[in-house]
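One structure below.
The values are calculated or read from the model by the stated rules, or taken from the named source; none is laboratory data. This is a predicted model, so every value here is computed, not measured. All Cβ positions, even for glycine, are placed from backbone atoms using ideal geometry, and neighbour counts span all protein chains on display. Note: accessible area is taken over every heavy atom of the protein model, side chains too, but ligands, DNA and RNA are not part of it. Shrake-Rupley method; radii C 1.70, N 1.55, O 1.52, S 1.80 Å.
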Amino acid sequence: FWARLFDGPVAARALSGDLPGARALAMREIAAEPDLSGFVWLVGAGPGSVDLLTLRAQRVLQEADVIVHDALVPSEVVAMGRRDAERVFVGKRKGRHEATQAEIEALLVREAKAGRRVVRLKSGDPMIFGRAGEEMAALKAAGVAYEVVPGVTAALAAASSARVPLTLRRVASSLVFATGHDLDGRTLPDWGRLALSGATVAVYMGRTVAGLVAARLLEAGLAPDTPAIAVENAERADERVFAGPLRALAGLAERDDVDGPALILIGPSLAEADLADAIPFAEAAGAAAA
């Protein structure tokens with residue numbers, strides 16, 4: 001009720017100076033039957049920095065009765081929800097799932113059917129490797145209304161934070177988002193063709209398979225000295241940038257001091273970046289700490 005009152009026709013009339021009209025509309029709102037239908041927002045929380053959250057995401061967090069959030073969403077963002085909202089953790093990390101995807105979808109449907117307004121809070125953007133397609137299908141099948149609120153995806157945050165151009169005139173005119181694993185856990189087979197076409201390739205969830213990614217691209221004919229970088233914890237206080245030629249990328253997977261989410265970028269446009277302070281892929285963990 002209060003959301004409709006302060007963000008609708010009543011507020012518009014009051015702000016325009018029509019106080020009698022605003023009062024009349026407000027009285028009709030009070031007398032109307034309450035809207036008890038549930039609703040779901042699929043919200044992108046961005047890469048982790050609170051000030052990269054969109055204004056729309058902040059608004060719907062304040063309207064939600066339930067906040068269903070992932071492991072990579074910082075606690076500071078989760079805390080931006082309404083104080084009395086219920087918070088449900090459904091985090092997924094490699095080898096550790098708090099809830100299956102089917103259980104998450106059932107939870108969203110159940111809460112919305114109970115008349116609650118639900119925020120499904122995801123790291124980055126929900127439409128990029130965020131399983132939003134499956135959740136939208138489940139909500140549609142159940143007859144639940146929903147909306148998608150976009151967020152800053154990891155590739156854009158990593159590139160901006162590391163000051164790396166993803167596209168560059170006469171060098172790279174296309175950008176490819178790829179994931180480090182397909183449904184069977186294998187390295188995707190088409191990176192070579194995409195990279196050889198001149199695209200900048202952004203590899204999500206690729207740290208543990210960095211060696212396989214490099215090997216596949218080298219086998220496809222990409223030059224061994226093609227620039228590559230990896231950004232761990234992009235746009236957060238503990239962010240680190242690693243860099244080197246493609247032939248050295250395998251060193252990222254061998255490091256035991258990288259445990260945060262890492263986004264890998266590969267392509268010729270990266271040669272224009274200022275990476276003087278970047279850590280070499282194969283540098284010993286002890287040397288990096290020092």
Checklist entry - Cβ-Cβ below 8 Å, separation at least six or inter-chain, first residue in the stretch 240-268 and crowded, with 18+ Cβ neighbours inside 10 Å, second assigned to a strand (DSSP E or B) and among the charged types (D, E, K, R): which pairs? => result ARG240/GLU232; VAL241/GLU232; PHE242/GLU232; VAL258/GLU232; VAL258/ARG240; PRO261/GLU232; ALA262/GLU232
Next on the checklist: Any residue that is of a type in the set (Lys, Arg) and open to solvent by 10 Å² or more (accessible area, probe 1.4 Å) - is there at least one of those in the stretch 120-128?
Outcome noted: no
Item to check | Restricting the stretch 162-196 to residues that are among the small types (Gly, Ala, Ser) and either assigned to a helix (DSSP H, G or I) or crowded, with 19+ Cβ neighbours inside 10 Å (or both), the residue that is modelled with the lowest pLDDT | outcome: GLY192
Checklist entry - Does ALA287 satisfy being of a type outside the set (S, T, N, Q), more than 19 Å from LEU168 (Cβ to Cβ), modelled with pLDDT under 85 and part of a helix (DSSP H, G or I)? => result yes
Checklist outcome for this item: Per the filter on the stretch 13-72, residues under 20 Å from the mean Cα position of the chain (by Cα) and over 27 Å from LYS113 (Cβ atoms) are GLY46, PRO47, GLY48, SER49, VAL50, ASP51, LEU52, LEU53, THR54, LEU55, LEU72
Next on the checklist: VAL152 - would you say it is part of a loop (DSSP other than H, G, I, E, B), among the β-branched types (Val, Ile, Thr) and within 26 Å of ILE67 (Cα to Cα)?
Outcome noted: yes
Checklist entry - For the stretch 1-20, how many residues are assigned to a helix (DSSP H, G or I) and surrounded by 12 or more Cβ atoms within 10 Å (Cβ to Cβ)? => result 9
Next on the checklist: Given the condition out of contact with any Phe, Trp or Tyr (no Cβ under 9 Å at 6 or more places or on another chain), in a helix (DSSP H, G or I) and buried (at least 18 other Cβ atoms within 10 Å of the Cβ), answer yes or no: does some residue in the stretch 82-96 qualify?
Outcome noted: no
Checklist outcome for this item: Note on the stretch 21-68: residues touching a helix residue (DSSP H, G or I) at 6+ places or on another chain (Cβ under 9 Å) and in a loop (DSSP other than H, G, I, E, B) are ASP35, SER37, GLY38, ALA45, PRO47, GLY48, SER49, LEU53, ASP65
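Based on what the data block shows, is ARG207 surrounded by 14 or more Cβ atoms within 10 Å (Cβ to Cβ), among the basic types (Lys, Arg) and modelled with pLDDT of 80 or more?
yes
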Checklist outcome for this item: The condition from (1) at positive phi; (2) open to solvent by 30 Å² or more (accessible area, probe 1.4 Å) that GLY115 misses is numbered (2)
